[in-house]
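For reference, the structure is listed below as structure tokens.
The values are calculated or read from the model by the stated rules, or taken from the named source; none is laboratory data. Keep in mind that what you see is a predicted model, and the values were worked out from it rather than measured. Backbone-built Cβ (ideal geometry, glycine too); neighbour counts: all protein chains shown.
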Amino acid sequence: MNMAQVALEPWSSADLELLRLINAPEMMEHLGGPETDEQLQARHQRYLALEGQGRGRMFRIVLLPGLETVGSIGYWDSVWTEERIYEIGWSVLPSYQGRGIASAAVAKAIVLASRENKYKYVHAFPAVDNPASNAVCRKLQFELLRACEFEYPPGNRMQCHDWRLELNAQTFE
């Protein structure tokens, strides 16, 4: 899949249903399990507010040319090891996985984050036992810094890989 076959559309109020699809047990197995409807509503509101606050951006992933919504991706302000960074995360619905969609979407999101000239690095924290997300990081030439413990969602400790990519050093366009 190349970047031209994937579009990133800004998160909108209509994307709550996508968030419900992403909340399926098989989609959330590496992220502490499905959230309650109340937690989903709160996350949806955070996603909607993110861009207006200048703290990152959230998108739905759209497959072209058919305009099928196939997942979500976003990047947001974070502090990691006392450094201000962008953190990036993504989800692709099961029937669309394995086609390179996540890699294309992550590459597009990195281009957008780079254009903001806000932080030097973007980090991804996929679970150590999530081979697909770790493969996306490897494919896009993120640097694997270490295995670490990460809290997501709040109250759930998980073992992750800390992958880092220097913004403005990579061009995927």
Do we find a residue being without any contact (Cβ under 8 Å) to a residue 12 or more places away in the chain and touching an Asp or Glu at 6+ places or on another chain (Cβ under 9 Å) anywhere in region 114-122?
no
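For (1) more than 27 Å from LEU40 (Cα to Cα); (2) surrounded by fewer than 20 Cβ atoms within 10 Å (Cβ to Cβ), each residue gets a yes or a no:
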| site | (1), (2) |
| --- | --- |
| ARG60 | no, no |
| THR81 | yes, yes |
| TRP90 | no, no |
| ALA109 | no, no |
| ALA113 | no, no |
| ALA124 | no, no |
| GLU143 | yes, yes |
| GLN159 | no, yes |
Could you list, ordered by first residue, the pairs with Cβ atoms under 7 Å in which the first is in region 130-143 and under 11 Å from ALA107 (Cβ atoms) and the second is modelled with pLDDT under 95 and of a type outside the set (Val, Ile, Thr), at least 6 apart or interchain?
GLN141/GLN170
Quick one: would you say ARG43 is of a type in the set (D, E, K, R), surrounded by fewer than 19 Cβ atoms within 10 Å (Cβ to Cβ) and part of a helix (DSSP H, G or I)?
yes
Any residue at all in region 98-105 that is at pLDDT below 95 and more than 17 Å from the chain's Cα centre (by Cα)?
no
